[in-house]
Amino acid sequence: MRFLAPLLGLFGLAIPMVIALYVLRVRRRETTLSSTLLWRARVVDRQASVPWQRLRPSWLLLLQLLALAGLVVALTRPASVQAAKLGPDTVVVIDSSGTMQATDVAPSRFAAAITRARDLAGELGAGQRMTLVAMDSRPRVLAVSSGDHALLDQALDRLRAGNGVADLRGALALAAAAPGDARQRRVIVISDGVADSSGPAIDVPYSIEYDPVGAGSENLGISSITPQGGADDRAVAISVTNYGRSHHSTTVETRVDGHLVDASMIDVEPGAGRGLVVPIPASTRLVSATLSPHDALALDDTAVAIVRPAQTLHALLVTRQNLFLQRALALRADLHVEVVSPEAYRPDQTADLVVFDGLVPPQLPSQPFMLVGPPADVSLGVGAEVHPGQLRSAAPGDPLMTGLDLGGVRVAQARDLTGSTFGRPLIDAVSGPVLLLRDASPHAALLGFDLHASDLPLSPAFPVLIERLSEQLLPEQAPPQPVEPDSVVAIPVGVGGGSVQVTRPDGSGETLRSDAAAADVVISDTDQVGVYSLTVAGRGGSTTTSFAVDPLDPLRSSISPRASLSHVHQAGGGGPSPPAGSVLDELWPWLAAAVLLMLSGEWLVFHRGR
Amino acid sequence: MTGAGAELGIDGGVIALLDRLALSSRRPVLGSPGVRRARRTGGAVEFADHRAYTPGDDIRRVDWNAYARLDRLILRLYAGEEDTTVTLWIDVSSSMGFGRPSKLHAAAALAGALGYVALAGYDRVAVATFSGDVAWPVPPLRGRARVEALWRALLALRASGSTDFAALARAAPRSRPGLCIVISDFLSEPGPARGLTALRQGGSDVTLIQLLAPDEISPALSGDLRLRDAESGATVEVTVTPALLAEYAAALSAHQAALRGVARRHRGDLLTLRSDTPLREALGACRSHTLLR
């Protein structure tokens with residue numbers, strides 16, 4: 001039983017007022033008669049000289065109190081919670097994404113969702129069928145239009161919560177493809193509403209009911225973990241973000257190859273991030289960070305990064321003087337930075353990466369390169385000077401930008417890259433893109449402003465950005481770090497084919513074979529968090545590499561349950577209607593009828609007494 | 001027809017009617033010797049006594065010889081003849097001021113008509129008023145010529161005070177035996193029983209005329225009211241509903257039945273009239289009740 005308008009119960013105060021009307025004496029009009037002799041016998045017990053009188057039993061009073069009480073209860077809109085009646089075809093979409101691991105609902109959001117789905121399946125009657133769809137980063141159908149309770153239960157038993165981000169669009173597409181009449185289809189989404197909302201609004205040709213799961217929003221998560229430094233000053237930069245609405249403290253435990261090397265307590269304000277740099281040995285192969293104690297979502301409390309062995313790469317920095325750039329590049333332990341003036345630069349100089357600061361060479365190098373603050377150049381599409389102002393990420397989902405905090409970073413002057421076809425934008429501003437990345441060979445980046453005209457070099461994001469760019473541009477055997485769960489990873493094995501033995505974080509493994517014509521082998525089964533080891537067998541022998549899967553996506557860590565699926569537009573207009581799975585049967589019409597009966601009785605009693 | 005008579009509603013037509021009427025008693029009464037033959041058995045006309053002349057007496061009965069000797073007007077009375085004293089007891093309490101016309105006005109008109117009949121029949125007529133006390137605004141009159149004085153006295157009556165039938169009892173001994181007509185609304189307690197007993201013991205024949213205003217017969221009241229008694233000032237609170245009005249009507253009937261019982265125990269009768277009843281109809285009712293013949 002629920003009361004949908006409990007505050008209207010205050011009208012119950014009218015009940016003592018009605019009683020008071022019977023206790024208080026009536027204000028009477030005075031009339032003078034020749035004699036009251038014949039009236040005296042008609043008066044019973046109404047001669048009190050006080051402004052109240054004894055409350056006497058009265059059917060009228062009883063009926064009026066009952067009617068008033070019924071009216072007050074009806075005003076509060078009592079409703080009984082009843083299971084919704086299922087239609088002939090019901091599709092239940094169960095969110096099994098990473099946020100559903102949150103334990104703000106005991107034992108977890110996922111378990112609660114499974115229970116609700118099981119309850120719905122239990123309501124299936126004769127002729128009614130149900131389709132189950134699991135919604136994580138790769139939605140899939142668990143059971144197709146079945147009325148078999150045992151089969152549906154087994155499908156739910158097999159479902160496990162994943163680590164990815166919910167793909168609502170894909171899940172609803174599967175729901176739309178379910179068998180049966182779409183007009184009679186009832187789609188129930190059991191979710192916390194945390195889903196990938198990028199792209200246009202989702203239009204669905206059927207009605208959707210959204211059954212929200214989840215109660216809390218407090219969560220701390222590791223937003224980035226990046227090894228840095230050279231062979232003699234190795235360190236790991238760890239960022240922790242508070243996605244909740246309250247201030248929190250946590251201890252960041254750093255482990256090197258499984259051994260605890262640091263435990264630092266940090267305070268993180270709501271909505272803000274906090275970073276720390278922990279020195280690690282030069283021989284480190286694997287570094288991990290863990291927040292202790294765990295909070296509602298343990299998934300993002302641990303992150304791991306693979307530390308590559310020190311390998312000296314050669315970077316050529318062509319500049320008159322740019323200490324910001326020089327030092328940021330030098331942070332990579334495996335990168336030797338040689339600085340030359342523009343006049344001393346020769347195109348035939350060998351380097352793994354060439355960085356041009358403030359100039360564009362007459363001939364672009366064939367190796368990876370980076371252009372920083374170039375002058376106007378028609379061939380590159382570098383235009384006139386603009387004033388970008390505040391920077392922002394142009395590719396929020398790109399691993400290069402994950403956890404990169406550009407808040408408050410401003411640029412005074414930059415070159416207009418709006419017309420440039422140099423590459424895809426990574427960072428932009430109101431005036432247009434300011435950082436372009438070319439994925440085609442040779443890999444290259446174009447930063448459209450002089451670092452001295454910006455406060456970017458002073459922000460914590462700068463060294464991370466330069467390191468990620470250099471990792472992206474430099475020849476790399478391992479995939480870029482970090483990799484989000486359920487991402488597709490391409491491992492270069494070389495033309496001619498080969499096999500890759502993949503060992504997952506839980507120890508399970510499989511062997512993948514690449515097409516002879518393809519240079520890469522694709523790994524898509526990356527739902528587990530942790531380190532994936534790969535043994536690549538090629539013509540020249542076998543090599544071993546590894547990559548880490550970390551759940552660093554802020555969307556996953558923002559666990560606050562959404563009140564609605566606002567980016568879904570269903571047939572007939574409007575968003576999904578809450579709640580699903582149950583309906584409220586309002587009782588006020590019955591109460592109103594009872595009140596009407598009581599008032600009729602009161603009328604009869606009154607007129608019989610007249 | 002005189003001015004006072006007209007104000008009382010006694011016009012020429014009513015007087016013509018009254019001239020054909022006479023008061024009747026239910027039983028023989030003892031009275032002063034007069035022109036009305038007594039109903040008692042008796043002998044021929046015989047001298048019985050003298051008494052002092054009073055205005056209105058038939059001058060033919062003056063004993064001129066005695067006047068010559070005594071230089072006073074003395075009337076000769078004869079045995080076998082009686083003149084009846086008709087005493088009109090009129091309730092002048094405040095409650096009689098209610099009604100439109102007022103009950104007191106209706107009482108005065110009716111008393112004026114009955115008094116005219118009595119005077120025209122050579123009876124004595126006296127008017128006594130009572131509320132808290134008894135007053136005699138009209139001493140015993142005799143003769144048709146005194147009717148104007150009677151009417152003027154009746155017109156001068158004003159309603160005030162509270163009804164007290166005990167006062168009537170106290171004043172009864174001063175009343176001459178004869179016919180006593182008590183005109184009141186009889187809406188007070190204690191009732192008239194004690195006064196009637198005193199009148200009966202004084203040898204009078206008693207007739208009660210109850211005058212009620214239309215609102216007292218069918219009250220035009222509704223809602224929550226505090227009713228104040230015009231005489232006592234006492235209040236009662238009622239919620240007037242149709243059911244209560246029905247109860248009131250039943251109570252009025254019961255009250256009248258009780259009053260009629262009291263009258264009959266005293267060998268009298270009760271005549272109930274509405275205060276707005278035209279005088280001709282009221283006289284007709286009196287004939288129906290054999291008060292007039």
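The values are calculated or read from the model by the stated rules, or taken from the named source; none is laboratory data. What you see is a predicted model; the values in this text were computed from it and never measured. Note that we place each Cβ from the backbone using ideal geometry, even for glycine, and neighbour counts take in every protein chain shown. For accessibility, only protein heavy atoms count, side chains too; no ligands or nucleic acids. Shrake-Rupley method; radii C 1.70, N 1.55, O 1.52, S 1.80 Å.
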Using alpha carbons only, how many degrees (0 to 90, rounded to 10) separate the axis of helix A:14-23 from the longest principal axis of chain A? 20
Which residues belonging to region A:17-37 lose at least 20 Å² of 1.4 Å-probe accessible area when the assembly is complete, relative to their chain isolated? A:25, A:26, A:28, A:29, A:30, A:31, A:32, A:33, A:34, A:35, A:36, A:37
Taking chain B and dividing mean pair separation by its residue count, relative contact order in percent (alpha carbons under 8 Å, at least six apart): 20
For region A:289-357 versus region A:165-221, the gap between their alpha-carbon centres in whole angstrom: 42
Quick one: angle between helix A:588-608 and the longest Cα principal axis of chain A, in degrees between 0 and 90, rounded to 10, please. 10
Length gained, residue A:510-residue A:488, 0.36 nm per residue minus C-alpha separation, equals 6.4 nm
With Cα atoms, 0 to 90° folded angle of helix A:461-473 axis to chain A main axis: 60
Give the separation of the Cα centroids, region A:61-114 to region B:195-229, in Å. 74
Roughly how many debye, to the nearest 20, is the charge dipole of the protein assembly as shown about its Cα centre, given +1 on each Lys and Arg Cβ, -1 on each Asp and Glu Cβ, and no other charges? 9540
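Based on the alpha-carbon gyration tensor of region A:392-432 and its eigenvalue square roots a ≥ b ≥ c, which shape applies: rounded if a/c is under 1.5, prolate if not and a/b is larger than b/c, or oblate?
Taking the square roots of the gyration eigenvalues as a ≥ b ≥ c, region A:392-432 is oblate.
Once the piece of chain linking residue A:566 and residue A:440 is laid out straight, how much longer is it, given 0.36 nm per residue of separation minus the C-alpha distance between them?
Going from the current span to full extension adds 41.6 nm.
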Paramagnetic reach from residue B:276 (point 7 Å along Cα→Cβ, amide N under 17 Å) across region B:201-230: B:211-222
Take the Cβ-Cβ distance between residue A:103 and residue A:535 as r, set R0 to 35 Å, and report the resulting FRET efficiency rounded to the nearest 0.05. 0.40
For residue A:248, distant residues with modelled amide H under 5 Å away: A:268
Just grab the label-to-label distance for residue B:62 and residue B:253, each label 7 Å out from Cα along the Cβ direction, in nm (one decimal). 5.9
Could you compute the FRET efficiency for residue A:608 and residue A:126, with r as their C-beta to C-beta distance and R0 at 51 Å, rounded to 0.05? 0.40
With every protein chain kept in the model, how would you rank A:459, B:162 by accessible area, 1.4 Å probe, largest at the top? B:162, A:459
17 Å cut-off, amide nitrogen to a point 7 angstrom out along residue B:264 Cα→Cβ, residues in region B:178-202: B:193
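How much net charge surrounds residue A:445 when only the other residues with a Cβ under 11 Å from the Cβ of residue A:445 are counted, with Lys and Arg +1 and Asp and Glu -1?
+2
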Distance in nm between pseudo-label sites at residue A:81 and residue A:115 (7 Å out along the Cβ direction from Cα): 1.1
State to the nearest 20 debye the size of the charge dipole of region A:103-225 about its Cα centre, where the only charges are +1 on K and R beta carbons and -1 on D and E beta carbons. 320
Anisotropy class of region B:238-288 from Cα gyration tensor, a/c 1.5 cut: oblate
With all protein chains present, calculate the accessible area of residue A:256 using a 1.4 Å probe and round the result to the nearest 10 Å². 10
Calculate, for residue A:392 and residue A:19, the FRET efficiency according to 1/(1 + (r/R0)^6) with r their C-beta to C-beta distance and R0 56 Å; round to the nearest 0.05. 0.25
Which value, in Å² and to the nearest 10, is the accessible area of residue A:324 when all protein chains are kept and the probe is 1.4 Å? 80
What does the charge add up to near residue B:132, with Lys and Arg as +1, Asp and Glu as -1, over the other residues with Cβ less than 12 Å from its Cβ? -3
Two decimals, Cα atoms only, Kirkwood Rh: what is Rg/Rh over chain A? 1.20
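With Cβ to Cβ distances under 13 Å as the rule, what net charge do the other residues near residue A:272 carry (K, R +1; D, E -1)?
Here the count lands on -1.
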Label-to-label distance, nm, for residues given as residue A:424 and residue A:160 (7 Å Cα→Cβ offset): 3.1
If the chain between residue A:11 and residue A:60 were fully extended at 0.36 nm per residue, the gain over the current Cα-Cα distance would be 15.6 nm
Residue farthest toward the positive end of the dipole of the protein assembly as shown, with Cβ of Lys/Arg at +1 and Asp/Glu at -1: which of B:227, A:434, B:53? B:53
